[in-house]
1. Do the conditions hold for Glu61, that is, is it surrounded by fewer than 16 Cβ atoms within 10 Å (Cβ to Cβ), in contact with a helix residue (DSSP H, G or I) (Cβ under 9 Å, 6 or more places away or on another chain) and not aliphatic (A, V, I, L, M)?
2. Enumerate the pairs (first residue in segment 17-36 and under 16 Å from Thr48 (Cβ atoms); second residue anywhere and of a type in the set (Lys, Arg) and part of a helix (DSSP H, G or I)) with beta-carbon separation below 7 Å, excluding pairs fewer than 6 apart on the same chain, so at least 6 apart or on different chains.
3. So Val41 clears everything in (1) surrounded by 16 or more Cβ atoms within 10 Å (Cβ to Cβ); (2) in contact (Cβ under 8 Å) with a residue 12 or more places away in the chain except one condition, right? Which one?
4. Which residues, counting only those in segment 28-60, are touching a strand residue (DSSP E or B) at 6+ places or on another chain (Cβ under 9 Å) and among the small types (Gly, Ala, Ser)?
5. Residues that are modelled with pLDDT of 95 or more and small (Gly, Ala, Ser): list the helices (runs of 4 or more DSSP H) wholly contained in the chain that include at least 1 such residues.
Amino acid sequence: MSADKSEGRIRDRRPYWPRRMKLHLAASYVDESETKFLAGVKTGKWPTGTRDGGNVYWFLEDLDAALDRLKPATAECGDGWGDYVDQG
């Protein structure tokens, strides 16, 4: 099987994430509980939501940008994860 076909099959199995998400999906997207996610919104770790009528939504690209800011350049040595992370 070619790499292109294999990549396409993997991509097809990824979950669908809507462009804007309510709290439960936004928290799931960043792999946190709703409580921890909202605490992160208060501290600035995560972006604030946007109100639309009675609902609050988070946009996918805002969450991605926050995740990109949180991504460390490399894992620190001695943090216990050295066997499981790319050391660059």
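The values are calculated or read from the model by the stated rules, or taken from the named source; none is laboratory data. Computed from a predicted model, the values in this text were never measured in an experiment. All Cβ positions, glycine included, derive from the backbone under ideal geometry; neighbour counts span all protein chains shown.
1. Answer is no for this residue.
2. none
3. (2)
4. Residues satisfying the conditions are Ser28, Gly49.
5. On the way: elements: 3-13, 23-29, 34-43, 60-70.
Counting at least 1 such residues, we get 23-29, 34-43, 60-70.
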